[in-house]
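For reference, the structure is listed below as structure tokens.
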Amino acid sequence: MEIKLHPIVLSLTVLLLLSCSQSKEEQQKLTRQERAELKRQDSLALKVAVMPMLDCLPIFVAKERHFYERFNVDVRLRRFNSQMDCDTALIGGSVEGGLTDLVRKKWMEKKRVSLDVATSTTGKWQLIANRVARVKQLKQLSDKMVAMSRYSATDFLTNYAFKNVRTTDPVFHIQINDVNLRMRMLMNNEMDAAWLPEPQATAARLAKHPVLMDSDKDNLSLGIIAFRTKSINNSYRKNQVSKFILAYNMACDSINKYGLEHYSGIISQYCHVDVNVISSIPKTTFSHVKMPKEKDIELANGFMK
């Protein structure tokens, strides 16, 4: 049976269809405009590569407590589990700055990537042995595997640790870049020893894995936060970095005043550890921005010759 629509009804139907069509096109156009605006805002923001390490806590606190906003600077964090990934972002220019170390800085300079150091970090590395391996001394790591990252502070520290230690067989440097994976491999008996930062080192110690070496006891401080020289070579970026530093210093003061447990939620969020681990982290003092020690720079440069 043929259905005939009244001319007025037909006209209204056509208008409604046209209206819906235009709304869809306008919506798509708006979405494109929104995407373009978000991309523009991201390009103007100061992007910083971070890792799940206590070294980055002042950066995390400044972000979560809106300290950057107080200084009217848009800082966006790019989160990585591996220092290699942080450095790849720095080399490629997808971030302006990030966490790295003095050895990696020298390595990147060899790749023609210049970095400006914003500050040395308070972080330290511990060489922790798997308790099942029954390793109590460095010399017992003969013919065993140590997890670290090539051309980094942990690579340097592995060599440094065995500088005056004789082993009957070689110690195998195994590249495990993801710090959380490195911790899990140690605790799952897949690695004989591993270099761990905080809070991963505390998690391993709580599981009764023994510490063989502590970079802090040897007064070695190799961690840095640095920015690509090419990325901050104009007044706009330099102003952003100066405000980033103000917020960083404010966060350091806050952490030192209230303690790590006050910020346990932030540490758990960014470092993926529980409250028990956080409450067991040794007291840590965070310093305002400061340049690395000349001794540490010379050691890193000498290692990368």
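Under the condition of being in a helix (DSSP H, G or I) and of a type in the set (A, V, I, L, M, F, W, C), which residue from the stretch 154-175 is nearest to MET84 (Cα to Cα)? Don't jump to the end; show me each part of the working.
Filtering the stretch 154-175 down to residues in a helix (DSSP H, G or I) leaves 154-161.
Next cut, of a type in the set (A, V, I, L, M, F, W, C) only: 156-157, 161.
Working: PHE156: 15, LEU157: 17, ALA161: 22 Å.
By that ranking, first place goes to PHE156.
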- Note on the structure: The lone condition ILE278 fails out of (1) open to solvent by less than 50 Å² (accessible area, probe 1.4 Å); (2) touching a residue at least 40 places away in the same chain (Cβ under 8 Å); (3) within 30 Å of TYR151 (Cβ to Cβ); (4) not polar (S, T, N, Q) is (3)
- Task: Output the qualifying pairs, or none if there are none: Cβ atoms under 7 angstrom, residues six or more apart or on different chains, first residue in the stretch 138-161 and open to solvent by less than 10 Å² (accessible area, probe 1.4 Å), second residue of a type in the set (Lys, Arg).
- Result: ALA147/ARG182; SER152/ARG104
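Take ALA133 and decide whether it is in contact with a Lys or Arg (Cβ under 8 Å, 6 or more places away or on another chain), closer than 29 Å to LEU186 by Cα and either of a type in the set (S, T, N, Q) or at pLDDT below 90 (or both).
Details: in contact with a Lys or Arg (Cβ under 8 Å, 6 or more places away or on another chain): yes; closer than 29 Å to LEU186 by Cα: yes; either of a type in the set (S, T, N, Q) or at pLDDT below 90 (or both): yes.
Yes; evaluated as a whole, the condition is true for this residue.
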- Given (1) open to solvent by less than 70 Å² (accessible area, probe 1.4 Å); (2) at negative phi, number of the condition GLY93 does not satisfy: (2)
- Task: State the number of residues belonging to the stretch 79-88 that are among the hydrophobic types (A, V, I, L, M, F, W, C) and either open to solvent by less than 10 Å² (accessible area, probe 1.4 Å) or without any contact (Cβ under 8 Å) to a residue 40 or more places away in the chain (or both).
- Result: 2
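If a residue has to be of a type outside the set (Val, Ile, Thr) and open to solvent by less than 40 Å² (accessible area, probe 1.4 Å) to count, how many in the stretch 113-135 make the cut?
Of all residues in the stretch 113-135, those of a type outside the set (Val, Ile, Thr) come to 114-116, 118, 120, 123-127, 129-131, 133-134.
When the remaining residues are screened for being open to solvent by less than 40 Å² (accessible area, probe 1.4 Å), the result is 115, 118, 120, 123, 125-127, 129-130, 133.
Of the residues in the stretch 113-135, 10 are of a type outside the set (Val, Ile, Thr) and open to solvent by less than 40 Å² (accessible area, probe 1.4 Å).
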- Note on the structure: For the stretch 192-220 the number of residues that are open to solvent by less than 30 Å² (accessible area, probe 1.4 Å), in a loop (DSSP other than H, G, I, E, B) and under 15 Å from THR154 (Cα atoms) is 4
- Note on the structure: Residues of the stretch 76-88 being modelled with pLDDT under 95 and either farther than 18 Å from SER149 by Cβ or aliphatic (A, V, I, L, M) (or both), in sequence order, are MET84
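So which of VAL73, VAL61, VAL95, VAL103 ends up being at pLDDT 95 or above and closer than 16 Å to THR229 by Cα?
Just a single option satisfies the conditions, and that option is VAL95.
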- Query: So how many residues does the stretch 281-303 have that are more than 19 Å from the chain's Cα centre (by Cα) and surrounded by 15 or more Cβ atoms within 10 Å (Cβ to Cβ)?
  - Reply: 6
- Of VAL117, VAL113, the only residue that is in contact with a helix residue (DSSP H, G or I) (Cβ under 7 Å, 6 or more places away or on another chain) and touching a residue at least 60 places away in the same chain (Cβ under 8 Å) is VAL113
- Note on the structure: Taking first residues from the stretch 193-213 that are among the aromatic types (Phe, Trp, Tyr) and second residues anywhere that are open to solvent by 10 Å² or more (accessible area, probe 1.4 Å) and part of a strand (DSSP E or B), the pairs with Cβ under 8 Å that are 6 or more apart or on different chains are TRP195/GLN126
- Reported set for the stretch 188-213 where residues are within 23 Å of the chain's Cα centre (by Cα), closer than 22 Å to ARG150 by Cα and of a type outside the set (A, V, I, L, M, F, W, C) is PRO197, GLU198, PRO199, GLN200
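The values are calculated or read from the model by the stated rules, or taken from the named source; none is laboratory data. Please read these numbers as outputs of a predicted model, since none were measured by experiment. Positions of Cβ are generated from backbone atoms using ideal geometry, with glycine treated the same way; all protein chains shown enter the neighbour counts. Just the protein is used for accessible areas: all its heavy atoms, side chains included, with ligands, DNA and RNA removed. Shrake-Rupley method; radii C 1.70, N 1.55, O 1.52, S 1.80 Å.
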